[in-house]
Structures are given as structure tokens and as C-alpha cells.
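Visitor: Pasting in a structure now, in C-alpha cells, and then I'll have a few things to ask.
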Amino acid sequence: MNDNERTRTVTWQDPVVSGKAARTMSGAAFLRAIAEGKLPPPPIANLMGFDIVEVGEGEVVFAVEPQEFHYNPIGVVHGGLAATLLDSAMGCAVQSLLPEGRAYTTLELKVNFIRALRHDTGVVKAMGKVIHLGGKVATAEGRVLDGEGKLYAHGTTTCLLL
């Protein structure tokens, strides 16, 4: 190992446990169980280092502190981090309004990147909020903000309700 090499180990729990639980709980109860540590988070959250920090009715907030391991080849955090946070926050905002036995999947995701995230940005939050919940389709919007309220990205999603 040379002086420039870094390592990171990622561990996760069996995602089937949470997947089975999701089918037996309302969306809000399921998300709160993950946020409270009663159910394991999805492996993507462990991989990318983000957590659910708030669950409301039609609103969900995720948080992450950007790190070097999120960097792309041009020396800033890869846009995929903000896109993944927004997809998660907006989709889970939709999920928070679903009753037991209903699910969703993302049909479309639109992200606007405003400024680069860096490893010294500090904790950022992705806030998702439902715009419309219909019988088959839902839409939501989201924003990625730093601790001072500075906007880094925003987006919209369309979700298919299953």
C-alpha cells in the first residue's frame, strides 16, 4: 500500500428481511422502522453512506456527508450521489403515503446539478416531497441542501404505484 492509497470496507445485512417487512407495513411505518434501526437499511445506503433522518407524511429526508470515496475522476463528488439521494428521498416520500401492500417504482428521474459537492462540504440533506399521489402514478420533488441551506441539486420524479 502506498501513501496515496485508501481503503474502505462496506458491510450490510440481508436485504430480503426488509423487503419482506415492507409488504406487511404501511410505507411510513416501514421507513420509520429503518430510520429507527428496527429494520436494516438497504445495502445502497451502507455503500454510499447515507441515512433516513426524517419521515413525515409525504415528506422524507436523507442525509450524507460527502467523502473522498464519492469522488469522480475530475476531483469532485460524482453527480450520482446527489441523483441517488434525490431518487431515494423523492421515492420514499411517495412510499410514506402508501398503505400496507402497496409499493412503487421510479419511472422517471430528472436531476439538475447546481454546484459541486466536495468532501469538505459537510453534511447535506436530500428532502423529498410528494406533489401528487394518484391511483397509478405519483410525482414528487426534491432538493439537496447543505447545513446553511445552499442548494446543490434539485429534481423531480414520476413513480408507478404497484
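Visitor: Tell me, please, whether a residue that is among the β-branched types (Val, Ile, Thr) and either more than 16 Å from the chain's Cα centre (by Cα) or surrounded by fewer than 15 Cβ atoms within 10 Å (Cβ to Cβ) (or both) can be found in region 13-21. Lay out the reasoning, then the answer.
Guide: First pass over region 13-21, keeping only residues among the β-branched types (Val, Ile, Thr): 16-17.
Cutting the leftovers down to either more than 16 Å from the chain's Cα centre (by Cα) or surrounded by fewer than 15 Cβ atoms within 10 Å (Cβ to Cβ) (or both) gives us 16-17.
Checked against the condition, which is being among the β-branched types (Val, Ile, Thr) and either more than 16 Å from the chain's Cα centre (by Cα) or surrounded by fewer than 15 Cβ atoms within 10 Å (Cβ to Cβ) (or both), region 13-21 yields at least one hit.
For (1) of a type in the set (A, V, I, L, M); (2) touching a Cys at 6+ places or on another chain (Cβ under 8 Å); (3) in contact (Cβ under 8 Å) with a residue 60 or more places away in the chain, each residue gets a yes or a no:
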position: 76; (1), (2), (3): yes, no, no
position: 86; (1), (2), (3): yes, no, yes
position: 101; (1), (2), (3): no, no, yes
position: 109; (1), (2), (3): yes, no, no
position: 128; (1), (2), (3): no, yes, yes
position: 134; (1), (2), (3): no, no, no
position: 145; (1), (2), (3): yes, no, no
position: 156; (1), (2), (3): no, no, yes
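Visitor: Run residue 109 past the list (1) surrounded by fewer than 18 Cβ atoms within 10 Å (Cβ to Cβ); (2) more than 26 Å from residue 12 (Cβ to Cβ); (3) among the aliphatic types (A, V, I, L, M) and report the number of the one that doesn't hold.
Guide: Checking residue 109 against (1) surrounded by fewer than 18 Cβ atoms within 10 Å (Cβ to Cβ); (2) more than 26 Å from residue 12 (Cβ to Cβ); (3) among the aliphatic types (A, V, I, L, M), the one that fails is (2).
Visitor: Continuing with the same structure: Taking only region 9-35 into account, find how many residues are over 17 Å from residue 93 (Cβ atoms) and either part of a helix (DSSP H, G or I) or of a type in the set (A, V, I, L, M, F, W, C) (or both).
Guide: Taking region 9-35 and keeping what is over 17 Å from residue 93 (Cβ atoms), we get 9-21, 23-24.
Still in the list and also either part of a helix (DSSP H, G or I) or of a type in the set (A, V, I, L, M, F, W, C) (or both): 10, 12, 15-21.
Final tally of qualifying residues: 9.
Visitor: Another one. Scan 39, 86, 47, 98 and give me the residue that is assigned to a helix (DSSP H, G or I), out of contact with any Pro (no Cβ under 9 Å at 6 or more places or on another chain) and surrounded by 17 or more Cβ atoms within 10 Å (Cβ to Cβ). Before the answer, list the steps.
Guide: Working: 39 fails: assigned to a helix (DSSP H, G or I); 47 fails: surrounded by 17 or more Cβ atoms within 10 Å (Cβ to Cβ); 98 fails: assigned to a helix (DSSP H, G or I).
Within the list 39, 86, 47, 98, the selection yields 86.
Only the coordinates and a few stated rules stand behind these numbers; no lab work does. The structure presented is a predicted model; accordingly, all values stated were derived computationally and were not measured. Every residue, glycine as well, gets a Cβ built from its backbone with ideal geometry; the counts of neighbours run over all protein chains shown.
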